[in-house]
Amino acid sequence: MFPLMRSILSKTDSDYSDVRYEMKRETVITFNGKELTQISSNSTDGYVLRVLKRGGLSSVAFTRETDADRALRTVEENALLIARHIREPVRFAKTEILRKTVQPSLEEDPRRVSMDEKLELTRGYNSIPLGHEGIVTTITGYSEVIREKYFLNTEGAEIREDLVTTRLSSSITSKVGTLIQNVRLGLGGSQGFRHVRNQEAEFEKKTSICLDLLKAEPVQGRRVNVVLNPSLAGVFTHEAFGHFSEADLIEDSPTLRARMKIGEKFGNEGLNIIDDPTLPGQLGFYQYDDEGVAARPTRLMEKGVLAGRLHSRRTAAAFGEPLSGHCIAEDYRYAPIIRMGNIFIEPGSHTFNDLLGKLGDGLYLLDSMGGETSGENFTFGAQYGYEVEGGRLGKMIRDINISGNLFQTLENIRAVGNDLVLSKVGGCGKGQLNIRSCNGGPHILVHDVVVGGR
Amino acid sequence: MERLMEMAKKVTDGAEIYALDETGDGVGFENGRLKEIESKSQSGVSLRIIKNGNLGFAYTKNLINPEEFLQNALDSLKGKVEAPFEFPFTRPVTPLNTFDPSVERLSNGTLVEECQRICDYLASKTEGQVNVSAGRGTGRIRILNSRGTGVSTTSSVYGLHTSLLFPNSYASIHRPWVHKGFERAPDPYLRFILETYTQSLKEVQMRGGRMKVLFLPETLYALLWRIQSVTNGKNVYQKVSPAAGRLNEKVFDEKLTLYDDPLNDQVPGAREFDDEGVPSRYFPVIDKGVLTQFYYDLYYAGKMGVSATGHGYKSAMWGGEAISFKPSPSLEHLSMKAGGKSFEELLRLMDRGVLIAGVMGAHSGNILNGDFSIGLSPGLYVENGEVLGHIKDAMVAGNIFDTMNHIIELENTFHPASGGMFPAILFDGVSVATKG
């Protein structure tokens, strides 16, 4: 592949160019209820070319090798058009020029597991919820995405890295009368097929939660103190804080940029947040980003003080801050953008029971149902929760969405638990989908959040 | 492709080829400055086959080796996915007017100029942060099947999106402008954004409770998503729609008439047929509050023993590669009957309430049940018909079977919005939770 890519790059007339070719192999097995609705294994591929010329940076994505010349003309024209209009020419932070080939270390390579076995495994898991009265349907799927990435730039970098992602997911739906309840489950990760085996207990657990929800009460909309479980702590860290640490999201907002100054204090002493794509075995693992920069652990918050930021080569130069290796594309259809890898709150000292005791009266909320941010404000859903009275878990509640302000919520994180769980499936949609977006944390105690209820 | 079809016909009971070619350019301005230009040119093919009652599926970006491609689809038959349908025979019809050639002549230079013009105009009137993006796209879809169907359609779209952002936030007053061909954004479009922003710039506190809530067209998708879910033939088949069994019942306020209108080629993306080659038609979903019909693709129509309604689309919630998706039931061309009041008149009907100008987390919560619980990004506080400012950390929540029964009135004008062309809608008695 590299010789062909080199010949494309050799035709560019630019200050810097890079080209990425990707072959994406995708296996999908889907059950809707008891019926198998999809089973397929396919490959797709394409090129993304980026050109930096006279301070203008532009990109083009194309499918066919024969379109390379036209793509090249387009992207050079676009780069010049940008160059004529911008005030500050784009510069790239200097990075080590790497020639590397990386194959992931896998506990059981899914490519060596037969389709029949994957199908029967998925069918078996799917039959667990469907075997319970009250469960009306499921969507259960196995998917495997293998990205074979080739990266070349005019500085001499030449990197081949493969990313193998397995995912076992289920959406379980229960119903009584006209009331319908739904929970989700996601397993798998970056480490191979072994991690989707022997997961029957997880399916059993989520099935019984889904059935219990039919008897739960809708939460009352109000302002309340909560304990969030690691899944929700992770979503908060990702949605509310993490996106703010992505340099490309704040660079053109003068108010946000002024607010997110390194050294500024936001949270209490016990709050440490890190993004580390190199954490072995986690969903968000990679060694080199899609600009050929080595990923490195990046401390974002230390003792409540803003300590670092996630960067691309362009933003690292523009901010005058160190490279972090966080510029990642969904696939061959996109130029890379700044993404989180494995982001989490570092564990503190409190046991779960300590946290409930400190909470006193409030809510214990569990498991993410999706979230979104809009600058300093965020919203996310919880799959289920419990009323807490006098530090003791009470009745189950449903229909939970919470909303808050990032800065206030960081201040309102009153205690951090001593456990740590990171997510096994991801799906951050910042223009592009990142299925390896990983987040997590310990249990945390947060004061004063708005719960929407119904 | 014809060769692939001939090969497939010999070894299967039915075959369908879907081919997609797309090009596009996008220009983005942030804080009044040109930030990026991206171009793309993508193509791909997917193949579905039916053999012995089972369905096979394969897709590729480059159809280089038809033998291998067909074999991949044949291999997928082993999983025994049931095919409860046959591919349809569809005659080519008089094409809709879906392609405006001006989009092909549109240069990125012109897109940059148009965005710059809007940034300059807004910057001369407000100190707020201005983000503008513009793009153009063309597409061609061809569908062949073994019953002799051979149809194709081309499309063009020009889109512009203007946002005026509140400080410390991505929350904004924003509105899209979408056409088949290039048309400069007119003054009333820009004035609406500017005036709404100026009125709401101040941050205000308000107490929550049940009150009047006005959804702007660009935020209605949060509610329509739930209606699309409960009327989806797939959810009816799976017995998870609370609307199942309620056909011909009045389920919503009689002011609501909601329909799918794929043949309306005044707007971009009109279609003579869906992604399975089934002919499109005008399709009422809710008629004066009465639930009239559910929508189906070939698969779920087959499962339910009804006719496909022309709603099989290769789309997914989070974008992605169309060729890699199997069709599923989808309302891609929703619209609704407009009401009798101007936007200003609707505002004047609000003694105290919230105008929803942006939403967050519409994908979260119990959608199947029709529940919504969404963050406002932003919500604007209205008293006696006047916007007093914007509120933070607020949510609205409810269930469509309740909320859609409390429509006060719809706006008399359509605006392009996420998912179709819609008017603003004023509801009564919606629960608003706030920090205040």
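The values are calculated or read from the model by the stated rules, or taken from the named source; none is laboratory data. Not measured: the values here are computed from a predicted model. Glycine gets a Cβ as well: all are built from the backbone with ideal geometry, and neighbour counts include every protein chain shown.
At-a-glance table
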read-out	value
Residue that is nearest to B:Phe87 (Cα to Cα) [pool: residues in segment B:307-349 that are of a type in the set (Phe, Trp, Tyr) and modelled with pLDDT of 95 or more]	B:Tyr313
Members of segment A:47-78 found to be within 8 Å of another protein chain (Cβ to nearest Cβ) and among the aliphatic types (A, V, I, L, M), listed by number	A:Leu57, A:Val60, A:Ala61, A:Ala71, A:Val75
Residue satisfying condition, being of a type in the set (A, V, I, L, M, F, W, C) and in contact with a Phe, Trp or Tyr (Cβ under 9 Å, 6 or more places away or on another chain), within set B:Val240, B:Val236	B:Val236
Among residues of segment B:168-186, those that are farther than 16 Å from B:Tyr121 by Cβ and within 14 Å of chain A (Cβ to nearest Cβ), counted	5
Subset tally (residues that are under 18 Å from A:Arg160 (Cα atoms) and within 27 Å of the chain's Cα centre (by Cα)) for segment A:86-98	3
Matching residues in segment A:404-414 - criterion: being surrounded by 21 or more Cβ atoms within 10 Å (Cβ to Cβ) and part of a strand (DSSP E or B)	A:Gly404, A:Asn405, A:Ile413
Strands (runs of 3 or more DSSP E) within segment A:112-191 that include 3 or more residues touching a residue at least 60 places away in the same chain (Cβ under 8 Å) and under 21 Å from A:Val102 (Cα atoms)	A:135-153, A:158-176
Leading residue by the ranking (nearest to the chain's Cα centre (by Cα)) among those in segment B:256-299 that are assigned to a strand (DSSP E or B) and of a type in the set (Asp, Glu)	B:Asp260
Selection count, segment B:61-98, where residues are within 7 Å of chain A (Cβ to nearest Cβ) and under 26 Å from the mean Cα position of the chain (by Cα)	1
Residues of segment A:371-381 satisfying the condition of being in a strand (DSSP E or B) and either more than 9 Å from chain B (Cβ to nearest Cβ) or over 22 Å from A:Ile172 (Cβ atoms) (or both)	A:Glu372, A:Thr373, A:Ser374, A:Gly375, A:Asn377, A:Phe378, A:Thr379
Flag if A:Gly385 is within 18 Å of A:Glu217 (Cβ to Cβ), without any contact (Cβ under 8 Å) to a residue 24 or more places away in the chain and either among the β-branched types (Val, Ile, Thr) or assigned to a strand (DSSP E or B) (or both)	no
Segment B:65-76 residues that are among the aliphatic types (A, V, I, L, M), paired with ones that are surrounded by fewer than 15 Cβ atoms within 10 Å (Cβ to Cβ) and in a helix (DSSP H, G or I) (beta carbon under 9 Å, 6 or more apart)	B:Leu70/B:Val11; B:Leu74/B:Val11
Near pairs, Cβ below 9 angstrom, 6+ apart or cross-chain, from segment A:425-436 (free of Cβ contacts under 8 Å to residues at least 40 places away in the same chain and polar (S, T, N, Q)) to any residue that is surrounded by fewer than 17 Cβ atoms within 10 Å (Cβ to Cβ) and assigned to a strand (DSSP E or B)	none
Matching residues, segment A:104-121, being within 14 Å of chain B (Cβ to nearest Cβ) and either loosely packed, with under 12 Cβ neighbours inside 10 Å or under 13 Å from A:Arg197 (Cβ atoms) (or both)	A:Ser114, A:Asp116, A:Glu117, A:Lys118, A:Glu120, A:Leu121
Elements of type strands (runs of 3 or more DSSP E) contained in segment B:334-436, each with 2 or more residues being away from chain A (no Cβ under 14 Å)	B:334-336, B:352-356, B:379-383, B:386-391, B:407-410, B:415-417, B:420-422, B:425-433
Verdict on A:Lys424 being of a type in the set (Lys, Arg) and either part of a strand (DSSP E or B) or within 12 Å of chain B (Cβ to nearest Cβ) (or both)	no
Long-range neighbours under 6 Å by Cβ, at least six apart or interchain, first residue at negative phi and buried (at least 18 other Cβ atoms within 10 Å of the Cβ) within segment A:250-270, second aromatic (Phe, Trp, Tyr) and not in a loop (DSSP other than H, G, I, E, B)	A:Met260/A:Phe244
Any hit, segment A:227-246, residues being under 20 Å from the mean Cα position of the chain (by Cα), aliphatic (A, V, I, L, M) and part of a loop (DSSP other than H, G, I, E, B)	no
Residue ID - farthest from A:Thr173 (Cα to Cα), chosen from residues in segment A:35-64 that are at pLDDT 95 or above and not in a strand (DSSP E or B)	A:Arg54
Sole residue being surrounded by fewer than 18 Cβ atoms within 10 Å (Cβ to Cβ) and under 28 Å from the mean Cα position of the chain (by Cα), chosen from B:Thr126, B:Thr154	B:Thr154
In segment A:334-370, residue nearest to the other protein chains (Cβ to nearest Cβ) [restricted to those that are hydrophobic (A, V, I, L, M, F, W, C) and in a loop (DSSP other than H, G, I, E, B)]	A:Ala335
Every residue from segment B:311-352 that is at negative phi and among the small types (Gly, Ala, Ser)	B:Gly312, B:Ser315, B:Ala316, B:Ala322, B:Ser324, B:Ser328, B:Ser330, B:Ser335, B:Ala338, B:Gly339, B:Gly340, B:Ser342
Single residue of segment A:427-447 satisfying the filter (outside any loop (DSSP other than H, G, I, E, B) and farther than 14 Å from A:Gly234 by Cβ) that is nearest to the chain's Cα centre (by Cα)	A:Asn434
Condition check for B:Ser377: assigned by TED's automatic domain parsing to the domain that holds B:Leu220, surrounded by fewer than 21 Cβ atoms within 10 Å (Cβ to Cβ) and among the hydroxyl-bearing types (Ser, Thr, Tyr)	no
Members of segment B:165-217 that are crowded, with 21+ Cβ neighbours inside 10 Å, out of contact with any Pro (no Cβ under 7 Å at 6 or more places or on another chain), in a loop (DSSP other than H, G, I, E, B) and among the aromatic types (Phe, Trp, Tyr)	B:Tyr170
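For every residue, the table says whether it meets (1) over 16 Å from the mean Cα position of the chain (by Cα); (2) assigned by TED's automatic domain parsing to the domain that holds A:Gly440; (3) within 30 Å of A:Arg414 (Cβ to Cβ).
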{"position": "A:Asn268", "(1), (2), (3)": "yes, yes, yes"}
{"position": "A:Leu283", "(1), (2), (3)": "no, yes, yes"}
{"position": "A:Tyr288", "(1), (2), (3)": "yes, yes, no"}
{"position": "A:Val293", "(1), (2), (3)": "yes, yes, no"}
{"position": "A:Arg296", "(1), (2), (3)": "yes, yes, no"}
{"position": "A:Arg299", "(1), (2), (3)": "yes, yes, yes"}
{"position": "A:Leu310", "(1), (2), (3)": "no, yes, yes"}
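Every residue, every condition in (1) out of contact with any Asp or Glu (no Cβ under 8 Å at 6 or more places or on another chain); (2) surrounded by fewer than 22 Cβ atoms within 10 Å (Cβ to Cβ); (3) touching a residue at least 60 places away in the same chain (Cβ under 8 Å), yes or no:
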{"site": "A:Leu57", "(1), (2), (3)": "no, no, yes"}
{"site": "A:Asp69", "(1), (2), (3)": "yes, yes, no"}
{"site": "A:Arg73", "(1), (2), (3)": "yes, yes, no"}
{"site": "A:Glu88", "(1), (2), (3)": "yes, yes, yes"}
